[in-house]
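All remarks here apply to the structure that follows.
The values are calculated or read from the model by the stated rules, or taken from the named source; none is laboratory data. Predicted, not measured: the structure shown is a model, and the values here were computed from it. Glycine gets a Cβ as well: all are built from the backbone with ideal geometry, and neighbour counts include every protein chain shown. When the accessible area is computed, the model is the full protein with side chains, heavy atoms only, and any ligands, DNA or RNA have been set aside. Shrake-Rupley method; radii C 1.70, N 1.55, O 1.52, S 1.80 Å.
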Amino acid sequence: METKQWYMEYRIHKNRPGLLGDIASLMGMLEINILTINGVEDRTRGMLLQTNDDEKIELMGKMLKKVDNITVTALRAPKLVDILAVRHGRYIERDSDDRKTFRFTRDELGLLVDFLGELCKRDGNQVIGLRGMPRVGKTESIIAGSVCAKKRWTFVSSTLLRQTVRSQMSDDEMNPNNVFIIDGIVSTMRSNEKHHMLLREIMAMPSTKVIEHPDIFIRESEYTYDTFNVIVELRNTPDEEISYETFTNFESDGF
């Protein structure tokens, strides 16, 4: 059978000595490999596993249900959030109503960069929206994520150093393997028809696009919320309000 990865998570009720060793021994007897292990949130442990026999995973899950000291809370093919939870020891905050929206604060930039890097590694069309107030680290995080994915980034529009509005690109820049960075305010409110034509061409490409200020981009263009695969919110503090009333004023002043 094909070798597959699995994510297992369990909550610890009584962290007795030797508990992890007993669980690891059970996996060893079943020839299930532990690739990564880490504590995830409070009294919860996550494991990334590998085996070529799905029945062994099913059997292990049934056996662990009989262990009084733990409760298995997840046993599934790993999602991106699972892989990052094991790497960083915590889950990414996700909107309970809108499951495509993920929230980060500035002190979680390492986790955000890793998240964006994994998204940028994916093949085909990926449209990522990035919300956040000025100078919170949006563009820098996108560039760092591109580096993690070992992909070249290309500015279509930006205000990072000065206002950038591209109307044409070289063949090398139009490589679908590149990550295209778009400022939703600049591209829709401060550009010309040539830029709009280039933007439509890029949006139709099977490539990764990261769009800052996605709500303004949707409001001022023909694209909709359904265009986006993922929406990321970056704040200085968890309770910071992302206010669009001040956005356009800040951006026009060079912030």
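The set of residues in the range 144-188 that are in a strand (DSSP E or B), open to solvent by 50 Å² or more (accessible area, probe 1.4 Å) and more than 23 Å from Tyr244 (Cα to Cα) contains only Trp153.
Of all residues in the range 23-46, those that are closer than 17 Å to Lys65 by Cβ have Cβ atoms under 8 Å from Cβ atoms of residues that are charged (D, E, K, R) and outside any strand (DSSP E or B), 6 or more apart or on another chain, in Leu30/Lys56; Ile32/Lys56.
If a residue must be assigned to a loop (DSSP other than H, G, I, E, B), within 19 Å of Cys148 (Cβ to Cβ) and of a type outside the set (A, V, I, L, M, F, W, C), how many such residues does the range 89-120 contain?
Of all residues in the range 89-120, those assigned to a loop (DSSP other than H, G, I, E, B) come to 89-92, 95-100.
Okay, now just the ones that are also within 19 Å of Cys148 (Cβ to Cβ), so 89-90, 92.
The next check asks that each one be of a type outside the set (A, V, I, L, M, F, W, C); those that pass are 89-90.
Qualifying residue count for the region: 2.
Just give me the residues in the range 50-62 being out of contact with any strand residue (DSSP E or B) (no Cβ under 9 Å at 6 or more places or on another chain) and either over 25 Å from Ile83 (Cβ atoms) or open to solvent by 80 Å² or more (accessible area, probe 1.4 Å) (or both), in sequence order. Once the filter is applied, which keeps residues that are out of contact with any strand residue (DSSP E or B) (no Cβ under 9 Å at 6 or more places or on another chain) and either over 25 Å from Ile83 (Cβ atoms) or open to solvent by 80 Å² or more (accessible area, probe 1.4 Å) (or both), the range 50-62 yields Glu55, Leu59, Lys62.
Given the options Glu193, Glu220, Glu212, name the one that is touching a residue at least 40 places away in the same chain (Cβ under 8 Å) and among the acidic types (Asp, Glu). Working first, answer last.
Numbers: Glu193 fails: touching a residue at least 40 places away in the same chain (Cβ under 8 Å); Glu220 fails: touching a residue at least 40 places away in the same chain (Cβ under 8 Å).
Result of the check over Glu193, Glu220, Glu212: Glu212.
I want to confirm something. Restricting to the range 121-131 and keeping residues that are basic (Lys, Arg) and not in a loop (DSSP other than H, G, I, E, B), which single residue is least open to solvent (accessible area, probe 1.4 Å)? The selected residue is Arg131. All of Val72, Val136 fail the test of being in contact with a strand residue (DSSP E or B) (Cβ under 8 Å, 6 or more places away or on another chain), part of a strand (DSSP E or B) and not charged (D, E, K, R), apart from Val72. When you look at Gln168, is it under 20 Å from the mean Cα position of the chain (by Cα) and on the phi < 0 side of the Ramachandran plot, yes or no? Taking the combined requirement at face value, the residue does not satisfy it.
For the range 189-215, the set of residues classified as of a type in the set (D, E, K, R) and surrounded by fewer than 19 Cβ atoms within 10 Å (Cβ to Cβ) consists of Arg190, Glu193, Lys194, Arg200, Glu201, Asp215, listed by residue number.
Results for (1) of a type outside the set (S, T, N, Q); (2) in contact with an Asp or Glu (Cβ under 7 Å, 6 or more places away or on another chain), shown as yes or no for each residue.
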site: Asn178; (1), (2): no, no
site: Ile181; (1), (2): yes, no
site: Val186; (1), (2): yes, no
site: Glu193; (1), (2): yes, no
site: Leu199; (1), (2): yes, no
site: Ile202; (1), (2): yes, no
site: Thr208; (1), (2): no, no
site: Glu212; (1), (2): yes, yes
site: Ile216; (1), (2): yes, no
